[in-house]
Amino acid sequence: MDAMTFVLFGATGDLAKRKIIPALYSLYVDQKLPPSFSFIGVSITELSDEEFHEHIEQSVHTFSEGGSNDFSKVKEFLPSIRYCKLDVTNEGEYKKLLKLIQLREEELNIPENRMFYMSVAPTFFDVIALNIKKSGLGSTKGWKRLIIEKPFGHDLKSAQELNEKLSTTFQEEEIYRIDHYLGKPMVQNLEALEFANPIFQTLWNNQHIANIQITASETVGVEKRASYYDKAGAIRDMFQNHMMQLLMMSSMHLPKRITAADIRNEKKKIIESVRPLKKEDVHSDVIRGQYGPGEIDGKSVIGYIEEPGIAPSSKNDTFVAVRLWIDDPFWKGVPFYIRTGKRMKNKSTRIVIEFKNHLKELYVNQNEEPTPNLLIIGINPNEGVSLQLNSKNPLKDGKIEPINIEFSADQDDVPKAYELLLIDAFEGDATFFAHWTEVELSWKWVQPILEAFDENLVPLHIYPTGSYGPDASHRLLEEDGFGWWLDK
Ligand code: BG6
């Protein structure tokens, strides 16, 4: 791994504190950072290096998770870290940052490899990129890379505008768009699960698969993000990015070689084959929901429109369920059901692959009828794979019953999404980052849904907090003779 400077914009913000700093520390402990690593935190707050170091220590102690963290090394980690107070909108101030970067490059005798991480509000993305260019920060003799967090635009047009602005400073190969779902170990494992197992590879198509269900349910509500979330809704916050990525990752076909470029190409083919929706027809395939009051773990919880910062008249979606079709020879005729929502019964991200039940007709006795084979891929919070098969139960007169073969990873040992993604970006491997084509094509696909929601062409179903979402979301599957496989 190359020696480098890591510049973190938004270094005192929430994401930095909760995810990025603990991930960097964990990589340090596991000796996965480059041997010469200069880390510069940037933010508008006035802080000395020592005060920033205190902030780092606090963040590591409060938010580190998993087994690999050993707090005794925090003090050892600090000397590589400096702080720079900067108003990111003021071009003149970037000279100060450039000087600090150069000074550290000299002190550590490292090449001008610079990684810029934008952990800031999206309104600053383009201005920071522009100022990196104007101030000379981006004119390096080594490489430069940009890591950028979502939201990448608010709709198709704004995403295209943002991309155009970023591309005046960074080439596409230099931009690493984080979709933290792509950093989840089981999502990264999907490729191997399908491609390294001939039994699944053979079955991964419309001859054997009846339907695929992708769910990301959460128990949390809007939290303290009312001003962002009320404009974004589940469709922008989760569906356009994370859920579309899960769709692409679970349905792409075996590339001839498995390189970043091949995988991107296969993902692109999938998203281009997703049957487009017309705004007027959105209501047939999309269910929009909003959480009402209810209970979680026996405690009563307020509904969305009673949340602080949310207008009582808000029609924002906190739940969406979508039925879609991939019109290519592998998937023709296989429905994909995708749903995501807040304040649901449990926290669970998983993919259920329901296989066709060819044997159903052979069983005359309904008691004997086998249930469909299911392959369940647990992504979050429990990572694992389970395969549901049918077997005779000798204790029940040989009655056929489903049995589960399960593998689950030891959660403490599983590296966290940000650690995996940071290592990839440091190594220049973009496989698990969202390419512009994917982002643009998913906005394009989602655009009619955004418009149909805006124009109220789709009913808003209120579902009780603590439920599996609106009853209407079951209709999508019942129409095709299926039902959601619930994570109980
Ligand atoms: C984020 C969304 O991208 O993902 C949040 O902005 C959501 O609203 C979160 O809660 C869910 O991530 P995870 O990893 O907990 O499933």
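The values are calculated or read from the model by the stated rules, or taken from the named source; none is laboratory data. Everything quoted here is computed from the prediction, not taken from an experiment. Every residue, glycine among them, receives a Cβ derived from its backbone with ideal geometry; neighbour counts consider all protein chains shown. Quick note on the areas: whole protein, heavy atoms, side chains included, nothing else; ligands and nucleic acids left out. Shrake-Rupley method; radii C 1.70, N 1.55, O 1.52, S 1.80 Å.
Miscellaneous remarks
- Simple label model, 7 Å out from Cα along Cβ direction - R225 to A311, nm: 2.1
- Calculated FRET value between F63 and K488, using beta carbons and R₀ = 30 Å, to 0.05: 0.50
- Listed residues L422, Q31, G138: farthest to the positive end of the dipole of the chain (Cβ charges): G138
- Selection of chymotrypsin sites (Phe, Trp or Tyr not before Pro), the stretch 209-265, meeting DSSP coil and at most 16 other Cβ within 10 Å: none
- Label-point gap, in nm, between K96 and K165 - each point 7 angstrom along Cα→Cβ: 2.3
- Using a probe radius of 1.4 angstrom, the carbon and sulfur fraction of the accessible surface of the chain is 51%.
- Within the straight-line cut-off of under 18 Å between alpha carbons, the aspartates and glutamates reachable from K342 are E218, E223, D230, D237, E295, D297, E306, E307, D317, D471, D487, sequence neighbours fewer than 8 places apart in one chain being disregarded.
- R0 of 30 Å, Cβ-Cβ distance T437-K347: FRET efficiency to nearest 0.05: 0.45
- Measuring how big the chain is from its alpha-carbon positions, Rg and Dmax come out at 24.0, 81 Å.
- Sites S139 and D30, calculated FRET efficiency, Cβ-Cβ separation with R0 30 Å, nearest 0.05: 0.35
- Cα gyration tensor shape for the stretch 405-488, rounded if a/c is under 1.5, else prolate or oblate: oblate
- Of all aspartates and glutamates in the structure, the ones whose alpha carbon falls short of 14 Å from that of K396, not counting any fewer than 8 places away in one chain, are E368.
- Full extension of the chain segment joining D454 with E401 gains 14.4 nm, where the gain is 0.36 nm per residue of separation less the Cα-Cα distance.
- Cα-Cα over 26 Å, subset of K144/K444; K279/K356; K150/K231; K256/K444; K332/K488; K279/K488: K144/K444; K279/K356; K256/K444; K332/K488; K279/K488
- Label separation (N382 vs T89): 4.9 nm, computed from points 7 Å beyond Cα along the C-beta direction.
- Per-residue [θ]222 nm for the chain (sum of -39500 (n - 2.57) over DSSP H runs n ≥ 4, rounded to 500): -9500 deg cm²/dmol
- Of the beta bridges in the chain, as assigned by DSSP with both residues counted there, near 55 percent are antiparallel.
- Length released on extending from H474 to A261, taking residue separation times 0.36 nm less the Cα-Cα span: 72.9 nm
- Violating pairs (Cα-Cα greater than 27 angstrom) within the set K32/K184; K73/K224; K165/K315: K73/K224; K165/K315
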